[in-house]
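Q: Please read through the structure below; I'll follow up with questions.
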Amino acid sequence: MTTEQAVGGTIRWEDIRLPAWVTGLIGGIAVIIAWWIAATTIFANVGPGNVQAIPTPIQVVEGFFISGWDFYLRNFSVTLSEAGIGYLWGNVIALLLSGVVLVVPRLEGVVMQLAIITYCIPIVAIGLLLVIVIPVPKAGEPSGTAIVLAALSVFFTTVVGALLGLKAADKASLDVITVYGGSRFTQLRKVRLIAALPAILNALQIAVPAAFLGAVLGEFFGKVELGVGPSMIAAQQALNAPLVWDIALASGAVALAGYGLIGLIARAIAPWSKGAQK
């Protein structure tokens, strides 16, 4: 608010600046209130057998404590292991292929076509094929189908982000290495990787929720007994709406936590990408 506005006594809404966390808190409270009102009015009798398909926030909280920490720890540990393994393999392969493209530029078309294919083919169709090829895991073991789908879910994003970052290297620095007899691999190692670090870290951050979603979808096809997918199916078949919402909200919280964690790591590794100073 400017001095003239303070003297005149006129305050406009657009002149009021609130911290980001206050705005987020107000938005969250508004969403919960709207959810509560909708659950007790227009969606009160929605669902099979007059079961309340959209529970109130209180019912969701009660359902969380009724299920207990062991339930979530037991199921989410399996899904997180699947997502983690798929995240690792998918990103490692994507980064290696992106580096190969910079060393052998003629392979760029092949790598991009491969990435586009993995992105365009419906993940449901891939899951049905993987069920036939990959054996069913034992109870509590990670599902191979879920791992593959998690890896495929992150491959395209990381390839595109890495290639864009690697190609954004300073031309003058690349020319200096060329003049001194350096190879494309030397350019990749000494210039391109440093220049591409912010873009690669952003791609890895976006890949976290994608890997978790791919693992959950893989559990729907993998015939597993433990995990977020089968627990949600069991809750849905039992018409336990609060538990379904609990699992869904917990899944979102886990994906958001992973996204934020990679963001903090990215800010520590490459602070210049966020405008921070070392």
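The values are calculated or read from the model by the stated rules, or taken from the named source; none is laboratory data. Remember, it's a predicted structure, so these values are computed and weren't measured experimentally. A quick note on method: Cβ atoms are made from the backbone with ideal geometry, for glycine too, and the neighbour counts reach across all protein chains shown. Side chains are part of the model used for accessible areas, which takes the heavy atoms of the whole protein and leaves out ligands, DNA and RNA. Shrake-Rupley method; radii C 1.70, N 1.55, O 1.52, S 1.80 Å.
Q: For the chain, which whole-number percentage of the solvent-accessible area (1.4 Å probe, protein heavy atoms only) is attributable to carbon and sulfur atoms?
A: Carbon and sulfur atoms account for 71 percent of the accessible area of the chain.
Q: Defining a contact as two alpha carbons under 8 Å apart and six or more residues distant in sequence, what relative contact order in percent does region 40-198 show?
A: 26
Q: Another one. What is the calculated FRET efficiency for Ile33 to Ile233, with r their C-beta to C-beta distance and R₀ = 45 Å, to the nearest 0.05?
A: Plugging the Cβ-Cβ distance into 1/(1 + (r/R0)^6) gives 0.90.
Q: With contacts defined as alpha carbon pairs under 8 Å and 6 or more residues apart, what's the relative contact order of region 149-278 in percent?
A: Relative contact order, region 149-278: 29 percent.
Q: Sticking with this one: If you work out Rg/Rh (Cα atoms, Kirkwood Rh) from the coordinates, which of (i) 1.00; (ii) 1.09; (iii) 0.97 do you get?
A: Only one listed value fits the structure, namely (ii).
Q: Give the calculated FRET efficiency between Ala44 and Val133 to the nearest 0.05, with a Förster radius of 41 Å applied to their Cβ-Cβ distance.
A: Rounded to the nearest 0.05, the efficiency is 0.35.
Q: Can you run phi through the Karplus equation (6.51, -1.76, 1.60; θ = phi - 60°) for region 25-39 and list ³J(HN,Hα) in whole Hz, with x for Gly and Pro?
A: Calculated HN-Hα couplings, in order: 5, 4, x, x, 5, 5, 5, 5, 5, 5, 4, 4, 5, 5, 5 Hz.
Q: Taking 0.36 nm per intervening residue step and subtracting the Cα-Cα distance, what contour gain separates Thr178 from Tyr259 on full extension?
A: Going from the current span to full extension adds 25.4 nm.
Q: Quick one: which residues, 5 or more positions from Ala44 or on another chain, have an amide H under 5 Å from its amide H? H modelled 1.01 Å from N in the peptide plane, none for Pro or chain starts.
A: For Ala44, no residues qualify.
Q: Along Cα→Cβ, 7 Å out, is where each label goes; now give me the distance between the ones at Leu88 and Lys167 in nm to one decimal.
A: 3.2
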